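A.B. asks: Have a look at this one before I ask anything.
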């Protein structure tokens, strides 16, 4: 999958920083957004529906997991994605 642009709303940005050990928008973009080498696949979650799960690393080697939706929602080959949440794996 190609994550050309990530959109992260202010509420999600605040949640990432507060709840997930200082995780920043820059961390998420470094690990997931092109040209990052993230691994990704579709997930059918019982509550949140279909969404993409991506795992990537920042330069320090620390890994994070991120859940995203395409923009527009109906286009699984979208270039722009909304970040729903993310957290450090290690």
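So that you can scan it fast, the table gives a plain yes or no per residue for (1) without any contact (Cβ under 8 Å) to a residue 40 or more places away in the chain; (2) touching a strand residue (DSSP E or B) at 6+ places or on another chain (Cβ under 6 Å); (3) farther than 15 Å from residue 89 by Cβ:
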{"position": "29", "(1), (2), (3)": "yes, yes, yes"}
{"position": "44", "(1), (2), (3)": "yes, yes, yes"}
{"position": "49", "(1), (2), (3)": "yes, no, yes"}
{"position": "53", "(1), (2), (3)": "yes, yes, no"}
{"position": "73", "(1), (2), (3)": "yes, no, yes"}
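A.B. asks: Give the residue, chosen from 61, 11, that is at positive phi and over 12 Å from the mean Cα position of the chain (by Cα).
C.D. replies: 61
A.B. asks: Shifting gears a bit: Go through segment 22-41 and count every residue that is part of a loop (DSSP other than H, G, I, E, B) and farther than 13 Å from residue 67 by Cα. Even if it seems obvious, please write down each step before you answer.
C.D. replies: Within segment 22-41, the first condition is being part of a loop (DSSP other than H, G, I, E, B), and the residues that meet it are 22-24, 33-38.
Keeping just the survivors that are farther than 13 Å from residue 67 by Cα gives 22-24, 34-37.
Residues meeting the conditions: 7.
A.B. asks: Consider segment 20-49. How many of its residues are more than 22 Å from residue 76 (Cα to Cα), at pLDDT below 85 and either surrounded by 11 or more Cβ atoms within 10 Å (Cβ to Cβ) or touching a helix residue (DSSP H, G or I) at 6+ places or on another chain (Cβ under 7 Å) (or both)?
C.D. replies: So the answer is 1.
A.B. asks: Give the residues of segment 55-65 that are touching a strand residue (DSSP E or B) at 6+ places or on another chain (Cβ under 8 Å) and in a loop (DSSP other than H, G, I, E, B), sorted by residue number.
C.D. replies: Start the filter on segment 55-65 by keeping residues that are touching a strand residue (DSSP E or B) at 6+ places or on another chain (Cβ under 8 Å), which leaves 55-58, 62-65.
Result: 58, 62.
The values are calculated or read from the model by the stated rules, or taken from the named source; none is laboratory data. Here the structure is a predicted model, which is why all the values come from computation and not from measurement. Note: ideal-geometry Cβ built from the backbone for every residue, glycine included; neighbour counts use all protein chains shown.
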